[in-house]
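Undergrad: I'd like to ask you about the structure that follows.
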Amino acid sequence: MIGERTIVSAQEEGRGSGMEVAVVSGLSGAGRSTAAKCLEDLGWFVVDNLPPELIATMVELGAQARGAITKVAVVMDVRSRAFTDDLASVIKDLDARGYKPRVLFLQATDAVLVRRFEAVRRGHPMQGDGRLADGITAERALLEPLRDEADLVLDTSSLSVHDLRAKIEDAFGSESSTQTRVTVLSFGYKYGLPMDADLVMDVRFLPNPFWIPELRDHTGLEGEVRNYVLSQEGADEFLDRYHQLLRLIGAGYKREGKRYLTLAVGCTGGKHRSVAISEELAQRLSNEDGMAVKVVHRDLGRE
């Protein structure tokens, strides 16, 4: 058995140490790799199949990183010799050091696991010379004590990848880590399109302040230019409709597990129109729940 230990909330964990620790395990084919990727996206430092005797050392090193690492997740499976005994010792040791690790256990039905292994044409790690079903049965029996003591057990039999991500985000994510991080990037077409843009807005349909002598030397960060650009016919309607579109896109990105969005806004030189529109759009988006917004002006100052 894994042994007795105190189950505490995510907020209580790591209060004394400043470090959150999670152990991810479960049946082969039940979604450990997906869970690991999700935790990485949530800002966890993930280590896959570290030898059990080195886990406590890894956590200690993270705790000494002066805030650079605050969340460590260790993914373990039956490839570790004497798996349950090793893991029991690790958890007991981490408990004694004050880290209070949470254990996530992933499982699925035999029929689903067989189907998943056959889909990728791989053998089970405990199959040996036997059948696939034999390996699944042996692993399930070996991991039963760990399952009984886990803080969170997720059955992935009927879960899509997106469903599994959502459940892990609910259990291990903070409000900031589950936000969609939006970068509104102004640029000038004369200097080329941004290579990392997910969406591109062309605001060259608006009159160019460059041709207004008293505005030419100013930028879209300044009130005179901003007021000129935003007061033009179509500017406000354009912003309203694009804002609505981005709400729809942002919700879809969140469902699909995409956490980063770069929205490029372009005008001729990246000095007037694109800067003013980017600032206004970013301001509107910053009021949306689930979005963390920043503005970058790529070409401002090049002229």
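We did not get these values from a lab; they are worked out from the coordinates using the rules stated. On a predicted model such as this, the values are computed, not experimentally measured, just so you know. Cβ atoms come from the backbone with ideal geometry, glycine included; neighbour counts cover every protein chain shown.
Undergrad: So which aspartates and glutamates can residue 254 reach, going by Cα to Cα under 15 Å and dropping same-chain residues fewer than 8 places off?
TA: 41, 163, 169, 170, 175, 198, 288, 289
Undergrad: Can you give me the relative contact order of the chain as a percent, contacts being Cα pairs under 8 Å and 6 or more apart?
TA: Across the chain, relative contact order equals 20 percent.
Undergrad: In addition: So who's got an amide H within less than 5 Å of the one on residue 299, skipping anything under 5 residues away but keeping other chains? H placed 1.01 Å off N, in plane.
TA: 188
Undergrad: While we're looking at this one, here's another question. Would you look at the GNM of the chain, springs on alpha carbons closer than 10 Å, and say which of 65, 166, 197 moves the most?
TA: Its mean-square fluctuation being the largest, the pick is 65.
Undergrad: In a shell of Cβ-Cβ distance under 12 Å around residue 217, excluding residue 217 itself, what net charge do Lys and Arg (+1) and Asp and Glu (-1) give?
TA: -2
Undergrad: In addition: Can you compute the FRET efficiency between residue 193 and residue 93 using 1/(1 + (r/R0)^6), with r the Cβ-Cβ distance and R0 = 51 Å? Round to the nearest 0.05.
TA: E between residue 193 and residue 93, to the nearest 0.05, is 0.45.
Undergrad: Counting only residues 5 or more places away or on other chains, whose amide H sits under 5 Å from the amide H of residue 103 once H atoms are built in the peptide plane?
TA: The list, which skips near neighbours in sequence, is 23, 151, 152.
Undergrad: Residue 100: which lysines have alpha carbons under 29 Å from its alpha carbon, excluding same-chain residues fewer than 8 sequence positions away?
TA: Within reach: 37, 71, 92, 167.
Undergrad: For region 166-228, which chymotrypsin sites (Phe, Trp or Tyr not before Pro) pass both filters: DSSP loop (anything but H, G, I, E, B) and at most 12 other C-beta atoms within 10 Å?
TA: The qualifying sites are 205.
Undergrad: Identify the residues of region 28-63 with backbone N under 11 Å of a label point that sits 7 angstrom from the Cα of residue 122 along the Cα-to-Cβ direction, or state none.
TA: 28-34
Undergrad: Which of 222, 144, 169 ends up with the largest GNM mean-square fluctuation for the chain, with Cα atoms connected below 10 Å?
TA: Maximum among the listed residues: 222.
Undergrad: What is the gain in length, in nm to one decimal, between residue 160 and residue 260 on full extension, counting 0.36 nm per residue of separation less the C-alpha to C-alpha distance?
TA: Residue separation times 0.36 nm, minus the Cα-Cα distance, leaves 33.9 nm.
Undergrad: A further question on this structure: Under the 0.36 nm per residue contour assumption, what length would be gained going from the current alpha-carbon distance of residue 231 and residue 268 to full extension?
TA: Length gained, residue 231 through residue 268: 11.4 nm.
Undergrad: On to the next question. Through the Karplus equation 6.51 cos²θ - 1.76 cosθ + 1.60, θ set to phi - 60°, convert the phi angles of region 117-124 into ³J(HN,Hα) values in whole Hz; use x for Gly and Pro.
TA: Couplings: 5, 5, 5, 9, 6, 10, x, 7 Hz.
Undergrad: Turning to a different aspect of this structure: Springs between alpha-carbon pairs under 10 angstrom, Gaussian network model over the chain: which of 183, 70, 57 fluctuates most?
TA: Its mean-square fluctuation being the largest, the pick is 57.
Undergrad: Based on the mean of other Cβ atoms within 10 Å per residue, sort peptides 145-152, 238-245 so the most packed one is first.
TA: 145-152, 238-245
Undergrad: Any idea how far apart residue 111 and residue 292 come out in nm if each label point goes 7 Å out from Cα toward Cβ?
TA: 4.2 nm
Undergrad: How large is the dipole of region 232-282 about the Cα centre if only Lys and Arg carry +1 and Asp and Glu carry -1, each at its Cβ, rounded to the nearest 20 debye?
TA: 420 debye
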